[in-house]
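Taking it in order: structure first as structure tokens, then the write-up.
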Amino acid sequence: MAAKKSPKEVRKAIEEGLFTSQTAGMCPGYAQGNLVILPRAYAFDFLLFAQRNPKACPILEVVEDGKYLSRTAKGEKVTTTIPKYRVYKNGILTEELDDIDHLWEDDFVTFILGCSFTFESALMDAGIPLRHIEEGKNVAMYHTNIPCIPAGVFKGNTVVSMRPIKAGDVMKAVEITAKYPSVHGAPIHIGDPSAIGIADIQKPDFGEMVAIKEGEIPVFWACGVTPQGVAMHVKPLLMITHAPGHMLITDIANDALKG
């Protein structure tokens, strides 16, 4: 699908089943969002968890007891406007679906979290290439040993996304991404992956590995897939998320998210 399509046009194509792929690089200039849907019984604990861990879980919108978005994609259904969803039951991934309308319950609460794809546009505008976009892949993501601050039933470690950056561009990348605190902000680790518990950088837990070339350093940002890692650890009765890399393309301009 052509990248010049508007967010609304892309969401319509998703709803009609015409587009089911990952969304990196699509609709330049517009923010993309991570998704978490939980029964109301878990919602306050997760809201508190997100507030205590804003690097990994920056909240763009909360929708209580309803399936229609208001800020991120006004008037559209969260159940049909994401290319691929994941359903976790008791912490186990049970299925991936293109549509979750049939699973909806009246007590569901929806959280839309900021996504690093926003600051990727700023990096590319500054002349910093992104390998996963060059290679047409989903960004590589990893479980780490970096603990989140627990809240209620929610606890676990941070998931990070990795981008290889030329050594001379690392400080520029830090400065650029720090301007976007509501979409993960500055990196939380630079360099040696083993220092944050990643045993083999060639084997991401989510997404796809990309080439790390000579003179490049792996740079790691907190990632909105963290709630999926937490779900595997905490095992709530039900959690619905986006499939990694298959985001909600919002109507929010990236520039509106600068801190």
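Every number here is computed from the coordinates shown, using simple stated rules; none is lab data. Here the structure is a predicted model, which means the values were calculated and not measured. All Cβ positions, glycine included, derive from the backbone under ideal geometry; neighbour counts span all protein chains shown.
The order of the peptides 47-58, 186-197, 242-253 by mean Cβ neighbours within 10 Å, most packed first, is 242-253, 47-58, 186-197. Short-range pairs are left out: with C-alpha atoms under 8 Å and at least six residues apart, the relative contact order of the chain is 32 percent.
Considering only alpha-carbon pairs that sit under 8 angstrom and 6 or more positions apart, the relative contact order computed for the range 119-226 is 37 percent. Relative protection proxy for 159-169, 125-135, from highest mean packing down: 159-169, 125-135 (other beta-carbon atoms within 10 angstrom). Could you tell me the distance between the Cα centroids of the range 86-156 and the range 1-76, to the nearest Å? Between the Cα centres of the range 86-156 and the range 1-76 lies a distance of 10 Å. For the range 42-172, averaging the sequence separation of C-alpha pairs within contact (under 8 Å, six or more residues apart) and dividing by the residue count gives a relative contact order of 26 percent. Residues considered: 214, 120, 96. Largest GNM mean-square fluctuation over the chain, using C-alpha springs under 10 Å, is found at 214.
The dipole here belongs to the chain: it is taken about the Cα centre, uses +1 on the Cβ of Lys and Arg and -1 on the Cβ of Asp and Glu, and is about 380 debye. The peptide list 178-185, 8-15, put in order of mean Cβ contacts within 10 Å with the highest first, becomes 178-185, 8-15.
Using 0.36 nm per residue and subtracting the Cα-Cα separation, the extra length available between residue 99 and residue 172 on full extension is 22.3 nm.
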